[in-house]
Amino acid sequence: FPNIVYNELNTFIMDNDGRVNFTNQNCITIDGENTTCLDDALYIEKNKDGTHTLYIHIADIPVFIPYNSLVNEEIQKRVETLYLRDRHINLYPEIISDRLCSLLPNNNRNVITYIYKLDSKCKLIDEYPNVVKGKIRVKHKLSHDEVDKKIENLSNDDLDILLGRLYFFSLNQRKSNPNKYAYRVVENYLEFKPHHESLKVDHSPAASIVHESMILANHGISLIFKDLDLPYMYSQLYIPTDDFINEQI
């Protein structure tokens, strides 16, 4: 990034207006052990009637960056983070993605929150989310390995109960749409990404939790854009035919 972009960052102020306070939730992040760019957090609570509420919190980075700013101009040129074989080229300056807006523990952070209703067995009731501007304070930064080990031997403490509910939710979601897993098998064969969580969903509860939560949030926001008749980039997943597979191979 040009130096003028970094200099401009010092003038930005976090917008705290009109946000729902979720800082009392014991939110968790699940990512690589040494990852500092944390952009999603999760929480499930049990309601008095036996149902559950799932919260998927996504870091609200755009609210931190003024639309008419040099930083935003640079972001518009880049469009997305590019993950190359030997490096990655960031969409945002690392001071934003890894520090100022990262969902690091014990820091108040602005998020966009997707709220879903689940039944008593943590099965999705309605795929249409309630989306609000929120503020959270992550309690636990967990690695995939930590979550997998905990789920192998769950106790009655609050964190283990939360992880158990998230895992049940992910299992229910996996059963609900087999098409996406047929798609993933082919995608991983054609474009092998050794560290992508979709390779691990069959044997890693942590990967399954993250994978299903992100798919659900992406699906939910696409429903909202469709209802509002706004343009949206869709990713359509179909079970590939043998002819398609052979052609790609």
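The values are calculated or read from the model by the stated rules, or taken from the named source; none is laboratory data. Since this is a predicted model, take the numbers as computed values, not measurements. Because the Cβ atoms are built from the backbone with ideal geometry, glycine has one as well, and the counts that use them run over all protein chains shown. To get the accessible areas, we keep the full protein, side chains included, count just its heavy atoms, and leave off ligands, DNA and RNA. Shrake-Rupley method; radii C 1.70, N 1.55, O 1.52, S 1.80 Å.
I'd like the full set of residues that are of a type in the set (Gly, Ala, Ser) and in a loop (DSSP other than H, G, I, E, B), limited to region 50-70. Within region 50-70, 50, 69 qualify.
The single residue among 149, 121, 139 that is buried (at least 16 other Cβ atoms within 10 Å of the Cβ) and modelled with pLDDT of 90 or more turns out to be 139.
Condition check for residue 45 on (1) in contact (Cβ under 8 Å) with a residue 24 or more places away in the chain; (2) acidic (Asp, Glu); (3) in a strand (DSSP E or B): one failure, at (1).
Criterion applied to 80, 73 was being open to solvent by 90 Å² or more (accessible area, probe 1.4 Å), acidic (Asp, Glu), part of a helix (DSSP H, G or I) and without any contact (Cβ under 8 Å) to a residue 24 or more places away in the chain, and the one residue passing it is 73.
Within region 120-135, the set of residues being among the aliphatic types (A, V, I, L, M) and in a strand (DSSP E or B) comprises 124, 131, 132.
Of all the numbered requirements in (1) within 28 Å of residue 63 (Cβ to Cβ); (2) open to solvent by less than 50 Å² (accessible area, probe 1.4 Å); (3) not acidic (Asp, Glu); (4) not in a helix (DSSP H, G or I), residue 162 misses one, and that requirement is (4).
Cβ-Cβ distances below 7 Å connect the following pairs, each with a first residue in region 1-14 that is within 13 Å of residue 69 (Cα to Cα) and in contact (Cβ under 8 Å) with a residue 60 or more places away in the chain, a second residue that is among the hydroxyl-bearing types (Ser, Thr, Tyr) and open to solvent by less than 100 Å² (accessible area, probe 1.4 Å), and a separation of six or more residues or different chains: 8/69. Hey, among 198, 102, which residue is at pLDDT below 90, closer than 29 Å to residue 75 by Cβ and buried (at least 19 other Cβ atoms within 10 Å of the Cβ)? Of 198, 102, the one residue that is at pLDDT below 90, closer than 29 Å to residue 75 by Cβ and buried (at least 19 other Cβ atoms within 10 Å of the Cβ) is 198.
For the residues 244, 225, the requirement of being part of a helix (DSSP H, G or I), modelled with pLDDT of 90 or more and aromatic (Phe, Trp, Tyr) singles out 225. Would it be correct to say that residue 96 is open to solvent by less than 20 Å² (accessible area, probe 1.4 Å) and β-branched (Val, Ile, Thr)? When the stated conditions are applied, residue 96 passes them. Given the criteria surrounded by fewer than 17 Cβ atoms within 10 Å (Cβ to Cβ) and among the hydroxyl-bearing types (Ser, Thr, Tyr), does residue 29 qualify? In short, no.
Exactly one residue out of 89, 44, 112 is open to solvent by 30 Å² or more (accessible area, probe 1.4 Å) and modelled with pLDDT of 90 or more: that is 112.
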